[in-house]
Amino acid sequence: MSKVTMTAIAHAAGVGVATVDRVLNRRAPVRSATEQKVLAAARQLGYRLPAAYSLPATQSAALQLRFGFILLPARYSFYQQLSEALQQRARGHQPPGSETEFRWHDIHEVEAVARSLRQLAQRCDVIGVVALDHPLIRHAIQDVSRLGVRVYALLSDFSPCEHAGFIGIDNQKAGRTAGWMAQHLLRQPGCVGVLLGDHRFTCQERCEISFRSYLRESDISQRVLEPLKTHESNEGGYQATRQLLESYDDLVMIYAPCGGIEGVVQALRDSGRRQIDLLCHGPLPGDELALIDGTISLMLRHRLDVMADVVIATCLNGGTEQRDHFVQVTLPFEIVTRENL
């Protein structure tokens, strides 16, 4: 592999070379969000960072926190992988005898998420949450934040509710990237299906809006359908895809920035309709085979290892920030096709 340059890292992180130099060589402090962006870009490009770089420059190795996370169910492979990565990265940064606590809730278990937030706040210093942007959840976040517990939105942000920050990809950029690819793939008349986990998942809402916006600007002739919900489950993905296939004989593409993609892939394979392009987010089990056999045309893949590094480092760094300081860390995503596996 060729040497990774500071210029390449600066380009990937969207910052100047001088900023990269300050972060990698510890020459001067930079804002936490900027530092995390640089470190995430360096990891993505394969730059070998010393172990100490998993923490911000100002972070003492002695700082220890009690971590809690609320994720979608572990039976969904994406969240199982994420939880394992978070647990591994949190080791060594917790008080003796303390273990990372996880709570798992289906996407619509709003009251259960609110209860878990309050329960974890009694034992944890910091909580990371994947959940809908629902008033009841925002109310709970506001309550526990006022107790001094820092709450970070993971993957999908919330409307302002005194949470400490958001860590996730640029969903507008992801949606427009998918739109750009759709413009180049759409060569026959027909319609484009859209699948979402839920309309209150702000990350997916932003992806859908940006996807539609790009295609409107591109003046495509194909009709983009109203979204169907997968409920973030494999069964939901399967059923929603079957509904699209049965309702639209002229379906030529599906855009699915959501969970439940395993079910979408299975439904497309069962249908035998090989002319339908699938643009989706990942990772998921068997994604490379699905790309190779053409069931998936394009995947925007999250780097879960990078995300776990950044989440733990951001949580640790949060203890040095002002209580009302909001951190937004934009994570990289990979554009994957069968030809760059």
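The values are calculated or read from the model by the stated rules, or taken from the named source; none is laboratory data. Keep in mind the model is a prediction, meaning the values are calculated, not measured. Quick reminder, even Gly has a Cβ in these numbers, built from the backbone with ideal geometry, and neighbours come from all protein chains shown. Side chains included, ligands, DNA and RNA excluded: accessible areas come from the protein's heavy atoms. Shrake-Rupley method; radii C 1.70, N 1.55, O 1.52, S 1.80 Å.
For the reader, a short list of remarks on this structure follows.
- Here each label is just a point 7 Å from Cα along the line to Cβ, and for GLU162 and CYS191 those points are 4.6 nm apart.
- Of all beta bridges that DSSP places with both ends in the stretch 199-305, some 0 percent have antiparallel geometry.
- Note, ³J(HN,Hα) from phi for the stretch 83-90, Karplus 6.51, -1.76, 1.60, rounded to Hz, x at Gly and Pro: 5, 5, 5, 5, 5, 5, 5, 6
- What the phi angles of the stretch 207-215 give under the Karplus curve with 6.51, -1.76 and 1.60, with θ = phi - 60°, is a coupling list of 4, 4, 4, 5, 4, 5, 4, 4, 5 Hz, glycine and proline written as x.
- The heavy atoms of ASP293 present about 60 square angstrom of accessible area, all protein chains included, probe 1.4 Å.
- Approximate spin-label separation ASP170-SER247, in nm, with each point projected 7 Å along Cα-to-Cβ: 3.3
- For the pair ILE292 and GLN183, a Förster radius of 22 Å applied to the C-beta separation gives a FRET efficiency near 0.40, rounded to the nearest 0.05.
- Read-out Kirkwood radius over Cα pairs in Å, derived from the coordinates shown; its label in (1) 20.9; (2) 22.1; (3) 20.1: (1)
- Inter-label distance for GLU101 and ILE220, nm, one decimal - labels placed 7 Å from Cα along Cα-to-Cβ: 4.5
- Ranked order, MET181, MET6 - accessible area, probe 1.4 Å, largest first: MET6, MET181
- Cross-link partners for LYS3 among the lysines, with Cα-Cα distance under 25 Å and sequence neighbours closer than 8 places in the same chain left out: LYS37.
- A simple rule links phi to the HN-Hα coupling: the Karplus curve 6.51 cos²θ - 1.76 cosθ + 1.60 with θ = phi - 60°, which for the stretch 294-302 gives x, 5, 9, 8, 8, 10, 9, 9, 6 Hz, with x for Gly and Pro.
- Per atom type, the chain shows carbon and sulfur on 48% of its accessible surface, probed at 1.4 Å.
- With contacts taken as Cα pairs under 8 Å at a separation of at least 6 residues, the stretch 217-328 carries a relative contact order of 19 percent.
- Once the trypsin sites (Lys or Arg not before Pro) in DSSP loops with at most 16 neighbouring Cβ atoms within 10 Å are cut out of the chain, the longest remaining piece is 188-272.
- Bridges between two residues of the chain, per DSSP, are antiparallel at a rate of about 10%.
- Amide H within-cut-off set for LEU331, under 5 Å, with H built and near neighbours excluded: GLY168, ILE169, ASP170
- Distant-in-sequence amide H partners of VAL224 (H built 1.01 Å from N, under 5 Å): VAL192
- Residues whose placed amide H lies under 5 Å from that of ASP157, excluding near-sequence neighbours: THR202, CYS203
- For LYS229, a cut-off of 26 angstrom between C-alpha atoms picks up these lysines, skipping any fewer than 8 places away in its own chain: LYS173.
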